[in-house]
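Below is one structure, written out as structure tokens; the observations come after it.
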Amino acid sequence: MRLARRHIRLLLGGTFAMVLIAGLVYAQAQRGKYGSTTLGQLAQPAPPTLTPDSVYQVSAYPLYPPNLAEGEGRLETQSYCSLCHSTRYITMQAPLPAATWETEVGKMRKMFGAPIPDAPAAVIVKYLQAHYTPETRKP
Ligand code: HEC
């Protein structure tokens with residue numbers, strides 16, 4: 001009787017160990033099926049096929065700075081006011097009153113440290129007032 005129990009225990013234990021080992025082996029075989037034989041299968045996208053006559057090139061990243069209105073001071077504005085951000089910050093604003101543009105340029109210089117000397121700053125303020133106020137802005 002005692003012997004039979006021992007046999008059953010051994011049998012159960014052995015079966016459990018076998019199942020465990022089989023599971024581990026299976027999992028190992030399934031893991032990371034990335035190889036030249038599995039290319040193009042659902043689990044991994046097929047590599048793009050490159051045709052020999054294609055033309056590949058790298059060119060400048062397309063940035064589209066908004067065109068500032070023509071006029072005196074445009075160059076100064078384009079140069080100084082695009083140091084930190086695009087000049088789109090000017091064109092995307094709702095038209096600002098003349099005094100507000102003066103404040104705005106002052107804010108860029110004093111608050112944000114824009115390195116713009118007095119002379120070009122005055123030119124820029126004039127330019128902005130001439131083209132970007134409710135009265136002067138052209139659609
Ligand atoms: C030293 C960097 C710097 C320079 C140079 C600069 N700006 Fe700015 N500008 C900023 C910063 C920072 C903001 C705020 C950005 C934000 O809030 O997202 C800003 C925002 C703006 C705005 C949005 C409204 C506001 O007040 O936040 C306008 C309009 C603007 N700048 C105009 C100008 C003009 C005109 C010039 C040229 C005279 C200029 N900026 C030069 C840093 C600069």
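Readers should treat all values here as calculations from the given coordinates under stated rules, not as data from a laboratory. Only a predicted model underlies this, so the values are computations on that prediction, with no experimental measurement involved. Because the Cβ atoms are built from the backbone with ideal geometry, glycine has one as well, and the counts that use them run over all protein chains shown.
Relative to the Cα centre, the charge distribution of the chain, modelled as +1 at Lys and Arg Cβ and -1 at Asp and Glu Cβ, gives a dipole magnitude of about 1660 debye.
Couplings 3J(HN,Hα) for the stretch 88-98, derived from phi with the Karplus relation 6.51 cos²θ - 1.76 cosθ + 1.60 (θ = phi - 60°), are 4, 4, 7, 6, 8, 5, 5, x, 9, x, 3 Hz, where x marks Gly and Pro. Neighbour counts of other Cβ atoms within 10 Å put 123, 105, 19, 55 in the fewest-to-most order 55, 19, 123, 105. Test of understanding: in a Gaussian network model of the chain with alpha carbons linked when under 10 Å, which of 119, 17, 69 would top the mean-square fluctuation ranking? Comparing 119, 17, 69 in a Gaussian network model of the chain, the most mobile one is 17. Couplings 3J(HN,Hα) for the stretch 53-60, derived from phi with the Karplus relation 6.51 cos²θ - 1.76 cosθ + 1.60 (θ = phi - 60°), are 9, 6, 10, 10, 8, 10, 10, 4 Hz, where x marks Gly and Pro.
Across the chain, the longest run free of exposed loop sites, meaning chymotrypsin sites (Phe, Trp or Tyr not before Pro) lying outside DSSP classes H, G, I, E and B with no more than 11 other Cβ atoms within 10 Å, spans 57-111. Exposed loop sites are taken as GluC sites (Glu not before Pro) in a DSSP loop (any state but H, G, I, E or B) with at most 13 other beta carbon atoms within 10 Å; the longest stretch of the chain without one runs 1-69. Here's how it looks for residue 86: its modeled amide H is under 5 Å from none belonging to a residue 5 or more places away or on a different chain. Please say if the stretch 74-131 is rounded, prolate or oblate, where rounded means a/c under 1.5 for a ≥ b ≥ c the square roots of the C-alpha gyration tensor eigenvalues, and otherwise the choice is prolate for a/b larger than b/c and oblate otherwise? Rounded shape, in that the Cα axes give a/c under 1.5. With neighbours defined as other Cβ atoms within 10 Å of a residue's Cβ, the residues 137, 88, 5 order from fewest to most as 5, 88, 137. Only DSSP H runs of four or more residues enter the estimate; each adds -39500 (n - 2.57), and after division by the residues of the chain the mean residue ellipticity at 222 nm equals -15500 deg cm²/dmol. Segment residue 63..residue 36, full-extension length gain: 5.7 nm, with 0.36 nm per residue of separation and the alpha-carbon distance subtracted. Cβ-to-Cβ counts within 10 Å put 86, 36 in ascending order as 36, 86, the fewest first. Entry note, the chain: relative contact order of 20 percent, from Cα contacts under 8 Å with a spacing of 6+ residues.
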